[in-house]
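Engineer: Sharing a structure with you now.
The values are calculated or read from the model by the stated rules, or taken from the named source; none is laboratory data. Since the structure is predicted, the reported quantities are computational estimates derived from the model, not experimental observations. Quick reminder, even Gly has a Cβ in these numbers, built from the backbone with ideal geometry, and neighbours come from all protein chains shown.
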Amino acid sequence: LENFVGHQVLRISAADEAQVQKVKELEDLEHLQLDFWRGPAQPGSSIDVRVPFPSIQAVKVFLEAHAISYSIMIEDVQSLLDEEQEQMFAFQGRAR
Amino acid sequence: STNTFNYAIYHTLDEIYEFMDMLVAENPQLVSKLQIGNTYEGRPIYVLKFSTGGNKRPAIWIDTGIHSREWVTQASGTWFAKKITEDYGQDPKITAILSNMDIFLEIVTNPDGFAFTHSTNRLWRKTRSRTAGSSCIGVDPNRNWDAAFGMPGASGNPCTETYRGKYANSETEVKSIVDFVKDHGNIKGFISIHSYSQLLLYPYGYTNTPNPDQQELDQLAKEAVTALSSLHGTKYTYGSIYTTIYQASGNTIDWTYSQGIKYSYTFELRDTGRYGFLLPASQIIPTAQETWLALVTIMDHVKNHPY
């Protein structure tokens, strides 16, 4: 199973069209291996992006440098997946 | 049996396919299973048909799980299937709908991707097809339809999550539905279910030009969202794909609408705001229950407004 330890999901709020465009620039940076769960749309709508651990610092620096606000939606993706697996095992076979 | 099946947890592809067989066996007069094609990796693609008789009657199509990692959609689809069998003969609206129309339900629209989410990568979204000349795998099946294919709002880069594919219908999972819809010729409502973001959307996605039925689709979306919110207070936004989220060319419901299926909608299901599509299993049933209210609203309208 692929491991997502240390991956975070950031919720980005682009305040205006210029900031939306900046986030779109991030999308094009393939080496960061970003996975946009909710892509850049119009200003005001949330953008959710999974950031692999090695790219976290670069992405946060980029966002802060352009005064784009963000919050951490998921602190560690793998821990959430582990919880999901545990739930599935725990409830397997239990009738509704 | 489908009475002891646990609807409140996530299931593998094999378990869902087994569930479908059980549902058919338990309800032979109402439910049948059709194979509409095979996936890239050779898995069968199944659709459940709910029908009280006749052939190619006006029909409503519902699909869940075209983006494989959005597990709450396949789980909700399973719940919907059981709900239809429970409500037929008991609930006046469902009984009336099935007396006049058929319902087709494709619970796992992207079986290869779904199997891959269970075996290898929980976060896999696309199909599993290979692109010649690229080491990256998979196409976004919601950008692969023959509706403004290749225009902005999809990617030509095979390594991105919104890769549109080499050509429209390149994905057998998409082509199978296209062939089925064209061959049937009498589908009047088409609802494609995704998660997350809490949205109910109608065409278009490729242009901000309003579709010719915008007023009616908007009003119906409002009614559907109102019904949905009445159960748990979940807040939904509705509107066209383009104006509500972003430009998306080659998407499912732009194609179905272009085929003359007026009532073409796509859902983005519940999002607690903390998990995205990694929705805890405890939310499966509430999500399915509230979505069902919106689906019934749309299906009832389709039945009452023949065209």
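Engineer: Within the range B:65-73, is there a residue that is surrounded by fewer than 19 Cβ atoms within 10 Å (Cβ to Cβ), of a type in the set (A, V, I, L, M) and within 14 Å of chain A (Cβ to nearest Cβ)? Outline the logic, then answer.
Structural biologist: Step one: filter the range B:65-73 for residues surrounded by fewer than 19 Cβ atoms within 10 Å (Cβ to Cβ), giving none.
No: zero hits.
Engineer: Which one of these does B:V24 not meet: (1) in contact with a strand residue (DSSP E or B) (Cβ under 6 Å, 6 or more places away or on another chain); (2) of a type in the set (V, I, T); (3) buried (at least 20 other Cβ atoms within 10 Å of the Cβ)?
Structural biologist: (3)
Engineer: OK, next. For the range A:5-76, which fully contained strands (runs of 3 or more DSSP E) count at least 3 residues that are in contact with a Phe, Trp or Tyr (Cβ under 8 Å, 6 or more places away or on another chain)?
Structural biologist: On the way: elements: A:8-13, A:35-38, A:46-51, A:69-74.
Output list reads A:8-13, A:46-51.
Engineer: Whether any residue in the range A:14-26 is within 14 Å of chain B (Cβ to nearest Cβ), in contact with a Lys or Arg (Cβ under 6 Å, 6 or more places away or on another chain) and farther than 16 Å from B:Y275 by Cβ is what I want to check.
Structural biologist: Looking for residues that are within 14 Å of chain B (Cβ to nearest Cβ), in contact with a Lys or Arg (Cβ under 6 Å, 6 or more places away or on another chain) and farther than 16 Å from B:Y275 by Cβ, one finds none in the range A:14-26, hence no.
Engineer: Considering only residues of the range B:233-287 that are among the small types (G, A, S), at pLDDT 95 or above and farther than 28 Å from A:S13 by Cα, which is surrounded by the most Cβ atoms within 10 Å (Cβ to Cβ)?
Structural biologist: Taking the candidates together, the pick is B:S264.
Engineer: So, one more: Got at least one residue in the range B:163-177 being surrounded by fewer than 18 Cβ atoms within 10 Å (Cβ to Cβ) and either within 14 Å of chain A (Cβ to nearest Cβ) or hydrophobic (A, V, I, L, M, F, W, C) (or both)?
Structural biologist: No, there is no match, as no residue in the range B:163-177 is surrounded by fewer than 18 Cβ atoms within 10 Å (Cβ to Cβ) and either within 14 Å of chain A (Cβ to nearest Cβ) or hydrophobic (A, V, I, L, M, F, W, C) (or both).
Engineer: To continue, here is another question. Taking the residues in the range B:243-260 that are among the β-branched types (V, I, T) and farther than 21 Å from B:T172 by Cβ as candidates, determine which candidate is nearest to the other protein chains (Cβ to nearest Cβ).
Structural biologist: Among them, the one singled out is B:I245.
Engineer: I've got another one for you. Going by what's in this entry, would B:L201 be described as part of a strand (DSSP E or B) and either surrounded by 18 or more Cβ atoms within 10 Å (Cβ to Cβ) or in contact with a Ser or Thr (Cβ under 8 Å, 6 or more places away or on another chain) (or both)?
Structural biologist: The answer is yes for B:L201.
Engineer: Which count do you get for residues in the range A:42-64 that are surrounded by fewer than 20 Cβ atoms within 10 Å (Cβ to Cβ), under 16 Å from A:S13 (Cβ atoms) and either within 11 Å of chain B (Cβ to nearest Cβ) or among the small types (G, A, S) (or both)?
Structural biologist: Of the residues in the range A:42-64, 4 are surrounded by fewer than 20 Cβ atoms within 10 Å (Cβ to Cβ), under 16 Å from A:S13 (Cβ atoms) and either within 11 Å of chain B (Cβ to nearest Cβ) or among the small types (G, A, S) (or both).
Engineer: Against the condition over 24 Å from B:Y257 (Cα atoms), surrounded by fewer than 16 Cβ atoms within 10 Å (Cβ to Cβ) and within 18 Å of the chain's Cα centre (by Cα), how does B:P44 come out, does it pass?
Structural biologist: Against the criterion (over 24 Å from B:Y257 (Cα atoms), surrounded by fewer than 16 Cβ atoms within 10 Å (Cβ to Cβ) and within 18 Å of the chain's Cα centre (by Cα)), B:P44 qualifies.
Engineer: Answer yes if at least one residue in the range B:9-18 is surrounded by fewer than 21 Cβ atoms within 10 Å (Cβ to Cβ), away from chain A (no Cβ under 14 Å) and modelled with pLDDT of 95 or more, and no otherwise.
Structural biologist: There is at least one residue in the range B:9-18 that is surrounded by fewer than 21 Cβ atoms within 10 Å (Cβ to Cβ), away from chain A (no Cβ under 14 Å) and modelled with pLDDT of 95 or more.
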